[in-house]
1. Looking only at the range 257-277, filter to residues that are assigned to a strand (DSSP E or B) and touching a helix residue (DSSP H, G or I) at 6+ places or on another chain (Cβ under 7 Å); which one of those is nearest to L223 (Cα to Cα)?
2. So which of R104, R108 ends up being free of Cβ contacts under 8 Å to residues at least 12 places away in the same chain and more than 28 Å from N345 (Cα to Cα)?
3. Which of the residues spanning the range 156-191 are β-branched (V, I, T), surrounded by 20 or more Cβ atoms within 10 Å (Cβ to Cβ) and not in a loop (DSSP other than H, G, I, E, B)?
4. If I filter the range 230-243 for residues that are more than 26 Å from A143 (Cα to Cα), modelled with pLDDT of 95 or more and either part of a loop (DSSP other than H, G, I, E, B) or β-branched (V, I, T) (or both), do I get at least one hit?
5. Looking at the range 367-384, which of its residues are within 35 Å of the chain's Cα centre (by Cα), surrounded by 13 or more Cβ atoms within 10 Å (Cβ to Cβ) and charged (D, E, K, R)?
6. From the set of residues in the range 123-150 that are assigned to a helix (DSSP H, G or I) and either in contact with a strand residue (DSSP E or B) (Cβ under 9 Å, 6 or more places away or on another chain) or touching a residue at least 60 places away in the same chain (Cβ under 8 Å) (or both), which is surrounded by the most Cβ atoms within 10 Å (Cβ to Cβ)?
7. Only residues in the range 372-390 that are assigned to a helix (DSSP H, G or I) count as the first member; pair them with residues that are hydroxyl-bearing (S, T, Y) and modelled with pLDDT of 95 or more, Cβ under 8 angstrom, at least 6 apart or cross-chain, and list the lot.
8. Go through A214, A225 for me and flag whichever is among the aliphatic types (A, V, I, L, M) and within 18 Å of A36 (Cα to Cα).
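The values are calculated or read from the model by the stated rules, or taken from the named source; none is laboratory data. All values reported here derive from a predicted model rather than from experimental measurement. Cβ atoms come from the backbone with ideal geometry, glycine included; neighbour counts cover every protein chain shown.
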Amino acid sequence: MSSTSNLDAAFSLATEHYQTIGVDVDAALKTLAQTAVSMHCWQGDDVAGFDHVGELGSGLAVTGNYRGRARTAEELRGDLEMAYSLIPGQQRLNLHAMYGEFDRPVDRDEIGVEHFQGWMDWARDQHVSLDFNPSFFSHPQAADGLTLAHPDKGIRQFWIDHGIACRQIAAAMGDAQGNACINNVWVPDGYKDTPADRTAPRQRLTDSLDKMFADPIDSSRMLDAVECKLFGIGSESYVVGSHEFYMGYAITRNKVLCLDAGHFHPTEVISDKISATLLYVPELLLHVSRGVRWDSDHVVTMTDELQAIMQEIVRGQYLDRVHIGLDFFDASINRIAAWVIGTRNTLKAILMALLEPTADLQQLEREGDFTARLALMEEQRTMPFGAVWDYYCDASGVPVGRQWLTAVRQYDADVLAKR
């Protein structure tokens, strides 16, 4: 029996098994195929970027020295194409402002759409939609760890202008691709030690954000998102843009709130925050990551929390209000493999959630039958999810199981080893 016949047979049996618990596998796969994950560009080059205006800093650090880091936009796009060829379903790309293509030195307050035309052309050819991020770090104007909350008005204005420019770039991307480009704002602002005044920096940040967002842009072209953080390297004692700050800002300004899985206390999870925040904000952006004891942005693995995040989205019927993006950077392993592992795991977790008998579980809960609810949740763990995933990969024209690793190893030898 051929491998395809084996896959079909296993899928048929799995489908029958899921039918016994009232789950429509075909409907789940159709929904999965329509669910895009925004893969982040900065895994491919260790958050170096291409504007060459500063060393990586402002609370960011990448460890490892695996060979073959992308050094140009062309190399990065080639690596991304390789990764996308191994991942089923829709793709998006999350691009930072520091990844523009500059034929002459251009400071960040002067960047324009023309510096990202190459990315837009590539995205069109690859049938990939773009998301965007201003780059408020790794720059001389961020050397002391403050940007939009800086006490110096001139420095604040520099970063306000950068943010305004980025919104225009994101809007142009949205126009080109026919769907909204999410423009996510994260700033590293904070203090290493205990501040004497926690209020003034937050007042300055509020004022800067208001000025940056002053020009209304239609939500069909671009969505503004703001990202909170608990602490960072160099801002261990105080972060201006805390969760409470941005929660309040997003509610009062009708912005998308970004929750990063690594930006909270190590015992705190974002899966529990999804339903709470969506009562008050229009949409959420998730940066799916894996912190190990701190915001260390490890490659996404199939953890309980990853599954809980996707279960919460599916159970709450939030797929149309939650944008799923990735945020990790690991230079200790093959960078393309990191993309593939993290993105495929994210998609697997979404599929597992879609294959859950959600209506039955919620009905049991309404009836107060918590015994049956727990029993069925645990039985779900041994349902034949893997057969459905393998069939989906094969039907999508990407490698099944571990076969993708062979392609990455060949690319490593043929391309990365020669850089």
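1. Restricting to residues being assigned to a strand (DSSP E or B) and touching a helix residue (DSSP H, G or I) at 6+ places or on another chain (Cβ under 7 Å), the top hit is L257.
2. R104
3. Of everything in the range 156-191, those that are β-branched (V, I, T), surrounded by 20 or more Cβ atoms within 10 Å (Cβ to Cβ) and not in a loop (DSSP other than H, G, I, E, B) turn out to be I160, I169, I182, V185.
4. Initially, the range 230-243 is screened for residues more than 26 Å from A143 (Cα to Cα), giving none.
The answer is no, given that none of the residues of the range 230-243 is more than 26 Å from A143 (Cα to Cα), modelled with pLDDT of 95 or more and either part of a loop (DSSP other than H, G, I, E, B) or β-branched (V, I, T) (or both).
5. The answer is R373, and nothing else.
6. Out of the qualifying residues, it is A142.
7. V388/T15; V388/Y18
8. A225
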